[in-house]
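The values are calculated or read from the model by the stated rules, or taken from the named source; none is laboratory data. From a predicted model like this one, the values you see are computed outputs, not experimental measurements. Here the Cβ positions follow ideal geometry from the backbone for every residue, glycine too, while neighbour counts run over all protein chains shown.
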Amino acid sequence: MRRPVAVRVVGPVQWIVIPALITVAVTIVLGTPVELFGLSLPEPVIPMVLAFAWPLIRPSVVAPLVLTGLGLGLDVFTYGPLGLWALSLLGIYAVVLASRSFLIGQDTAVLFVWYAACCGLAFLLVYLVRMIIDKNAASLLAMFGQVIPTLLLFPFANQMIERFDDGDVRFR
Amino acid sequence: MAFRDGPFENIKVPLVWTAAVAVVAAAVGCVLLLISDARAQTSPYQPVRSGVEAVAGPVGGVLAAPVRWFGHASDFVGGYFFAVSENRRLKRQLADLEPWRDQAIALKNVNARYEAMLGIRPEPPVAMQTARSISDTRGPFSNARLIDAGSSKGIKVGNPVINEQGLVGRVVGTSGNVSRVVLLTDVASRTPVLVDRTDARALLTGDGSPNPRLEFIRGVGAVQAGDRILSSGDGGGFPRGVPIGVAAKGIDGSWRVKLFSDRGAIDYVRVMLFEDFSQLIGSDDLNAPPLTAFGTLPEATAAQTGAIADSAARRDATRARNEQSRSDNARADAAEAARPRPATPPAQPEPRPAAETRPPAAEAPPPAEGTE
């Protein structure tokens, strides 16, 4: 008789709710008006990490809805048009979900290239929509100042994927 | 029994498709939100925004508190070690500023005389409300701050916000105790400005960078590097003359403004409770029907009645004197025209000294007397 194997079931609280709350908290902390040596804190778009990692961990109905909530919160927090950041995050989620079968098991470098491409796509979407709404183009230099810190968050996305990817054997 | 041998073995969860459906549904909702929010003149979701900001504001204030304490501590230590050098610097600065102070006093005096002579009504003093910045959003698409003063302190949407250096931005949303300030660098910010040296008008347009652009500059060569940029007050959104920054050429060739407000941290700010030109006169007065004020005038006193009667009598006397003079002149002209002229021209009169040459009395203009 075979011995029973302990099954570790990772629920949405572990891989959706807690990371989402951490994201909200860090976003608020980085919004603190601090200047050290004339430089203010970086302000990356942290939910992009989740938008990239969640569809790779496993497809879910809850994740896009939480992502929408995070995006709307970001819109309110940054006083942008309501729905813009949510739409861009959902764009990342959709692209990664569509290419999930290709990306699963890929090397970290490949994942980073995809992460950078997805972030670039999302920023381009936001840039164009804001250009239409405000009738004014944002500074590209200023945009790079937000894109680069966002790209530097890739290790967190990679860590999430490695931690939760095989967390539930039903999705192996 | 192994997990794979259990009842989950044959389950095929169509999660990818259900997730895709969720994504599409959420995206459609976002697009609808975006269209409804972007096309409205003011956001229809302002109450939601105000509610979130009312919650996020105190949280930001709590997070900012330790940072502020650390800043105060470092200022204290720095002040202790650099007191001598700072004292010397301040003495130099004081010596430089004393002539400017004297000039400012003299110019203020002259300006007040001019205003009195020309009958200019100066802008009334603007009330201020001090607040502290508790949250900050940066980046290319948003440059805004939350401050810890709201509608309970009289702050309204549109109020200009300054710090000790110059203009910072304007209020775009208020709740009870928190207000949202859009900075001059925000991509949606437009501020009418003037160039102090040439009085040329331009529009200060934020683009997410630290130095906003100067657009629609009127006149050729109206701006030079180093020109001081002030708010023009056009449109009534800002009072005229609030210092904004110094003009500089950007690396892309466009004119940009180095903001005065960036010279120090935007920590404590002052909200100018200035609305628009209607503040100069009450809106009720502007909207009142004509001649309404006559019904509210008090009865004239005996002294006022006497002064009015005296003024009217003087005016009538002046008018009668002028008319008499005019009719006398007309009679003299008619008599001159009716007099018979000789057939031969008279002999040339001997030239008289210039001092004796006088115009005939009839051609003299009537004296300017009194006001009618």
When the residues of region B:105-140 are filtered to those that are more than 17 Å from B:R170 (Cα to Cα) and touching a residue at least 24 places away in the same chain (Cβ under 8 Å), which remaining residue is nearest to the chain's Cα centre (by Cα)? B:E123
Filtering region B:178-200 down to residues that are among the acidic types (D, E) and surrounded by fewer than 22 Cβ atoms within 10 Å (Cβ to Cβ) yields B:D196, B:D199
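Condition check ((1) more than 9 Å from chain A (Cβ to nearest Cβ); (2) surrounded by 15 or more Cβ atoms within 10 Å (Cβ to Cβ)) across all residues:
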| residue | (1), (2) |
| --- | --- |
| B:A19 | no, yes |
| B:A26 | no, yes |
| B:Q46 | yes, yes |
| B:A65 | yes, no |
Do we have any residue at all in region A:25-35 that's more than 7 Å from every other protein chain (Cβ to nearest Cβ) and within 11 Å of the chain's Cα centre (by Cα)? no
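Is it the case that B:K91 is charged (D, E, K, R), farther than 27 Å from B:M272 by Cβ and more than 14 Å from chain A (Cβ to nearest Cβ)?
Details: charged (D, E, K, R): yes; farther than 27 Å from B:M272 by Cβ: yes; more than 14 Å from chain A (Cβ to nearest Cβ): yes.
Yes; evaluated as a whole, the condition is true for this residue.
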Within region A:154-165, can one find any residue that is touching a Ser or Thr at 6+ places or on another chain (Cβ under 9 Å) and within 13 Å of chain B (Cβ to nearest Cβ)? no
From (1) modelled with pLDDT under 90; (2) within 14 Å of another protein chain (Cβ to nearest Cβ); (3) in contact with a Gly (Cβ under 9 Å, 6 or more places away or on another chain), pick out the condition that doesn't hold for B:R39. (3)
Subset of region B:298-341 [assigned to a loop (DSSP other than H, G, I, E, B) and either exposed (fewer than 11 other Cβ atoms within 10 Å of the Cβ) or touching a residue at least 60 places away in the same chain (Cβ under 8 Å) (or both)]: B:P298, B:E299, B:T301, B:R339, B:P340, B:R341
Which residues, counting only those in region A:40-70, are away from chain B (no Cβ under 11 Å) and not in a helix (DSSP H, G or I)? A:I46
Selection count where residues are under 22 Å from A:F77 (Cα atoms), part of a loop (DSSP other than H, G, I, E, B) and not basic (K, R), scope region B:147-180: 11
